[in-house]
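J.: If you scroll down you'll find the structure; I have some questions about it.
Read-outs throughout are calculated quantities, based only on the coordinates presented, and are distinct from any laboratory measurement. Owing to the predicted nature of the structure, the values given are computational and were not obtained by experimental measurement. Cβ placement follows ideal geometry from the backbone for every residue including glycine, while neighbour counts extend to all protein chains displayed.
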Amino acid sequence: MTVEQLQQLASEVGLKASIPYTSRTQTIRNIQLVRGQEPCFATAKRHGCTEPCEWAKECRKLRAQWMS
C-alpha cells in the first residue's frame, strides 16, 4: 500500500489531523484501533499471528528493531 493510499484510508476512517506527522507503522495501528481491531501491526504479536488482515504480508516481514 502506497503512502497516498494509506493516507486516504486513514482519512476515510476519520484520522485526518495527524496523518502527515505520524509514522507509517503508527498510522496503520491507529486505523486498526479505529476499526475496533487490536493495534498489533509490526509488534511482537506478528510472530504468532494467524489473523488475516490487509497488512499481514508487510507486518510479518523481518525488519530491524529500530525501524518499528
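J.: In nm, to one decimal, how far is the M1 label point from the R24 one, both placed 7 Å along Cα→Cβ?
T.: Label-label distance for M1 and R24, simple model: 1.2 nm.
J.: Between A44 and V13, 0.36 nm times their residue separation minus their Cα-Cα distance comes to what?
T.: Extra length from A44 to V13 when fully extended: 8.6 nm.
J.: Okay, next question. How far is helix 24-34 tilted off the main Cα axis of the chain, in degrees rounded to 10, range 0 to 90?
T.: Helix 24-34 sits at roughly 80 degrees to that axis.
J.: Let me ask you something else. Calculate one ³J(HN,Hα) per residue across the stretch 6-15 by plugging θ = phi - 60° into the Karplus curve 6.51 cos²θ - 1.76 cosθ + 1.60, and present them in order as whole Hz with x for glycine and proline.
T.: Result, ordered by residue: 5, 5, 5, 4, 4, 5, 5, 8, x, 9 Hz.
J.: Here's a follow-up. Please rank T43, T50, T27, fewest neighbouring Cβ atoms within 10 Å first, as an exposure proxy. Before the final figure, lay out the partial values.
T.: On the way: T43 14, T50 5, T27 21.
Going from least to most buried by this count: T50, T43, T27.
J.: Determine the gain in length on full extension of the stretch L33-A56; use 0.36 nm per residue of separation and subtract their C-alpha separation, reporting nm with one decimal. Walk me through the numbers on the way to the answer.
T.: Values: separation 23, 0.36 × 23 = 8.28 nm, distance 1.58 nm.
6.7 nm is the gain from fully extending L33 to A56.
J.: Relative contact order for the chain: what is it in percent, counting Cα pairs under 8 Å that are at least 6 residues apart?
T.: Over the chain, the number comes to 22 percent.
J.: By counting other Cβ atoms within 10 Å of each Cβ, how are L15, L33 ranked from fewest to most?
T.: So the ranking, lowest neighbour count to highest, is L33, L15.
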